[in-house]
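Encoded as structure tokens, the structure appears first; notes follow it.
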Ligand code: RIB
Ligand code: CA
């Protein structure tokens, strides 16, 4: 297969589930592996959820369980957005996709090192614990990986605290290691993903597919919509989908380069992605920051990927 080689590291999570479908269904994608990390729910729940989504979608790539908590802090979860199962809404099948025996960090390292340098993109859509552990396990990853396209952070406001977005806040030390490494990073943060509100126009296009997978997506979005409506959103933000789209069709959004660092010691601002677009800190830019989204184009490629999976 000659597509974009991806490893998806996720914490399903409703929007993570959509990211799996896009990464598996888009013909430009060569999904090599899926790894899971504790975040939206516990590691056991997000791993079961990842395997269940793969079962529904007919995805047969290796799936490995990752970190059960952050590098140096207490774990946080998000049942208020994703429910007690982490994927409330649809009825989930018993997972038929086997669990790879390797820990996530080991699977990430072995998969990247088995491919030519500069060909594998890491797409983390949860806390960055596994990515930091993989980098510690094999420091050469920083020059071997093509790019890290992550959902996380914000250059304005957070969603877990006023300053911090959930994925970064869940493991700030891991995020600091990821942004400080020498690999190219694309930050798809809340400023971008809050433009990706899965509205009725998108949902009716999915329903029109008329497949069991379309029904699964509709059930996901039904629950997710209610969670976001409780916070005053007209529709749910499908954050993680955007981190995959940034790899498969980069033109679906626009970017600005910036120096980004993670606040680790702020009384009120721990987990903040301090984003310097203007050189105020006299540091070279280390991150491509997504700023504007072509939402219709995102829906086009997402509906096409769900249709392509044909389930
Ligand atoms: O802040 C949004 C992020 O946190 C998304 O990745 C969502 O799935 C949760 O993990
Ligand atoms: Ca996620």
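No lab work stands behind these numbers, since they all come straight from the coordinates. All of these numbers come straight from a predicted model, not from anything done at the bench. Counting neighbours? That spans all protein chains shown, and the Cβs are built from the backbone with ideal geometry, glycine included.
For the residues 224, 179, what sequence is obtained by ranking on other C-beta atoms within 10 Å, fewest first? Mind showing how you got there, number by number?
Details: 224 27, 179 24.
Ascending number of Cβ neighbours within 10 Å: 179, 224.
Annotation for the range 214-276 versus the range 1-76: alpha-carbon center distance of 16 Å.
By count of other Cβ within 10 Å, fewest leading, how are 54, 10, 242 ordered? Mind dumping the intermediate values first?
Working: 54 24, 10 32, 242 28.
Ordered by Cβ neighbours within 10 Å, fewest first: 54, 242, 10.
Just rank 151, 113, 253, fewest to most, by other beta-carbon atoms within 10 angstrom.
Details: 151 31, 113 13, 253 23.
Going from sparsest to densest Cβ surroundings: 113, 253, 151.
Name the shape class, rounded, prolate or oblate, that the alpha-carbon gyration tensor gives for the range 244-291, where a ≥ b ≥ c are the square roots of its eigenvalues, rounded holds for a/c under 1.5, and otherwise prolate holds if a/b is larger than b/c and oblate otherwise. It would help to have the intermediate numbers written out before the result.
Values: a/c = 3.27, a/b = 1.69, b/c = 1.93.
The shape class here is oblate.
Roughly what % of DSSP beta bridges within the chain run antiparallel, to the nearest 5? Don't jump to the answer; show the numbers that get you there.
Working: 11 of 36 bridges.
The antiparallel fraction comes to roughly 30 percent.
Peptides 136-143, 67-74, ordered by how many other C-beta atoms sit within 10 Å of their residues on average, highest first, read 67-74, 136-143. Normalised by the number of residues in the chain, what is the relative contact order in percent for Cα pairs under 8 Å and 6+ residues apart? Rounded, it is 21 percent for the chain.
First check a/c for the range 84-167, with a ≥ b ≥ c the square roots of the eigenvalues of its C-alpha gyration tensor; if it is under 1.5, answer rounded, and if not, answer prolate when a/b is larger than b/c or oblate otherwise. Oblate, because a/c is 1.5 or more while a/b does not exceed b/c. Helix-only arithmetic for the chain: the sum of -39500 (n - 2.57) across DSSP H runs with n ≥ 4, divided by the residue total, places the mean residue ellipticity at 222 nm at -11500 deg cm²/dmol.
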